[in-house]
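Visitor: Let me give you the structure first, and then I'll get to my questions.
The values are calculated or read from the model by the stated rules, or taken from the named source; none is laboratory data. Just so it is clear, the structure is predicted and the values come from calculations on it, not from any experiment. Neighbour counts are summed over all protein chains in view; Cβ atoms, including those assigned to glycine, are modelled from backbone coordinates with ideal geometry. Just so you know, the surface numbers come from the protein's heavy atoms only, side chains and all, with ligands and any DNA or RNA stripped out. Shrake-Rupley method; radii C 1.70, N 1.55, O 1.52, S 1.80 Å.
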Amino acid sequence: MGMSMTQKILVDHAGLSEVYAGQLIDAKLDLVLGNDITSPVAIKEFEKHQFSKVFDPEKIAMVMDHFVPNKDIKAAQQCKTCRSFARRFHLTHYYDVGDMGIEHALLPEKGIVAAGECIIGADSHTCTYGALGAFSTGVGSSDMAAGMASGTCWFKVPAAIRFELINSLPEGVSGKDVILHIIGQIGVDGALYRSMEFGGSGLSSLNMDDRLTIANMAIEAGAKNGIFEVDEITISYMQERVKRPYRIYHPDMDAYEQIITIDLSQLRPTIAFPHLPENTKTIDEIDERICIDQVVIGSCTNGRLSDMRIAAMILKDKHVADDVRVIIIPATQSIYKECIRLGYIDIFLDAGCVVSTPTCGPCLGGYMGILAEHERCVATTNRNFIGRMGHVSSEIYLASPAIAAYSAIAGYICGK
């Protein structure tokens, strides 16, 4: 039996000739990531074990994004802990207020992650970087601490499912609809501790933002990681950003436990109803008027420039519905600045939206958009668990930026 893309990356980073699903290995790391929530815990463990140095100050990234700018004293203390650690060990990739962004949008944008690399992050959506052909996965803060000190991490090699993408996405359908369709099809545990590997002729219709969105939500199907075959679109994206050598891995087609074919041309805008990402309906299947109180367009899933563009095109010369609060969050400072240059911010403000500095904020119920009891929100975020964005009786509907923007104008979930 051959090896998947993930397994081939792990083979090389473990210094082995082959691996098999379920095998326990130690692998060298190309990057260790933490944020303002998880890094302080890792730092505490690092200091508890009296480590005196990090394995490589250029291969550790800390991004202050969850509660930044700080929402309270505790958040401020957490960031101070990270800031002091970064200064003490001269970390190259430390990002704070004024030079930050939502971590999983920021790192690809800055070329900090690349094809063929082995990456861990103390955040479950670290799987995002598989869009570039990397093996990247979320870990706990104790593994982050060990990774910072040793430059290695242990893994149980995952089995793999291949998603063979064919044909092209129809107009108005995006990567968010693809991944919601897949999760709706296989369930939130349908890829449990497996690698979700994406390939096929349909890749050419997915831009990098689509791929980043899909890989980002692999964890919502229970996957260890998501990873895309590297093609000309990937290489073009990295060419502008990555200034170091990288390696492209190709899978053996007999490596997969299962191959699932996804006909992109048949997909429709898809919404995940409360309270799981698998609870999906297409826009055509909604047979009732679901009135909403809030819309959030942003997050590490859908806060990139193309997402802002789609929202701006729909909101231009329109106004959000009465009693609907709309929060727009560009995912990085660079994206925010480009939104200003392109006139998107004026469009958002004229439409009655509020625009936030880059932050995870409302996605995890942190701040900048907490829901009250019985309120409903359409969000371009990645999770809609009970109480995720506020009160336990509130409801989150996951959708693409297009559906979110149309719904903001209408005051209820709709697709036009």
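Visitor: How about segment 247-258: which of its residues are under 24 Å from the mean Cα position of the chain (by Cα) and open to solvent by less than 90 Å² (accessible area, probe 1.4 Å)?
Guide: Once the filter is applied, which keeps residues that are under 24 Å from the mean Cα position of the chain (by Cα) and open to solvent by less than 90 Å² (accessible area, probe 1.4 Å), segment 247-258 yields I248, Y249, P251.
Visitor: For segment 249-286, name all the residues that are assigned to a loop (DSSP other than H, G, I, E, B) and out of contact with any helix residue (DSSP H, G or I) (no Cβ under 8 Å at 6 or more places or on another chain).
Guide: Once the filter is applied, which keeps residues that are assigned to a loop (DSSP other than H, G, I, E, B) and out of contact with any helix residue (DSSP H, G or I) (no Cβ under 8 Å at 6 or more places or on another chain), segment 249-286 yields D252, M253, D254, Y256, E257, F273, P274, H275, L276, I286.
Visitor: Right, L212: in a helix (DSSP H, G or I) and under 18 Å from the mean Cα position of the chain (by Cα) or not?
Guide: yes
Visitor: Now for a different question. How many of the residues in segment 78-104 are under 21 Å from I370 (Cβ atoms) and outside any loop (DSSP other than H, G, I, E, B)?
Guide: Residues meeting the conditions: 2.
Visitor: Of all residues being small (G, A, S) and out of contact with any strand residue (DSSP E or B) (no Cβ under 7 Å at 6 or more places or on another chain) in segment 69-88, which is least open to solvent (accessible area, probe 1.4 Å)? Just the residue, please.
Guide: Restricting to residues being small (G, A, S) and out of contact with any strand residue (DSSP E or B) (no Cβ under 7 Å at 6 or more places or on another chain), the top hit is A75.
Visitor: Going through segment 306-330 one residue at a time, which ones are closer than 13 Å to A351 by Cβ, part of a helix (DSSP H, G or I) and open to solvent by 90 Å² or more (accessible area, probe 1.4 Å)?
Guide: The one that is closer than 13 Å to A351 by Cβ, part of a helix (DSSP H, G or I) and open to solvent by 90 Å² or more (accessible area, probe 1.4 Å): M313.
Visitor: Looking at (1) closer than 23 Å to C153 by Cα; (2) in contact with a Cys (Cβ under 9 Å, 6 or more places away or on another chain); (3) surrounded by fewer than 21 Cβ atoms within 10 Å (Cβ to Cβ), can you tell me which one K44 breaks?
Guide: (2)
Visitor: Right, another one. What do you reckon, is G390 free of Cβ contacts under 8 Å to residues at least 60 places away in the same chain and of a type outside the set (A, V, I, L, M, F, W, C)?
Guide: When the stated conditions are applied, G390 passes them.
Visitor: Quick check on segment 263-305: of everything there that is polar (S, T, N, Q) and buried (at least 22 other Cβ atoms within 10 Å of the Cβ), which residue is farthest from A351 (Cα to Cα)?
Guide: T270
Visitor: Here is a further query. Could you look through segment 176-205, keep only residues that are in contact with a Leu (Cβ under 7 Å, 6 or more places away or on another chain) and closer than 24 Å to N384 by Cβ, and pick out the one that is surrounded by the fewest Cβ atoms within 10 Å (Cβ to Cβ)?
Guide: Top of the filtered list is V188.
Visitor: Considering only strands (runs of 3 or more DSSP E) fully contained in segment 105-160, which possess at least 1 residues that are open to solvent by 10 Å² or more (accessible area, probe 1.4 Å) and closer than 29 Å to H49 by Cβ?
Guide: Output list reads 135-138, 152-156.
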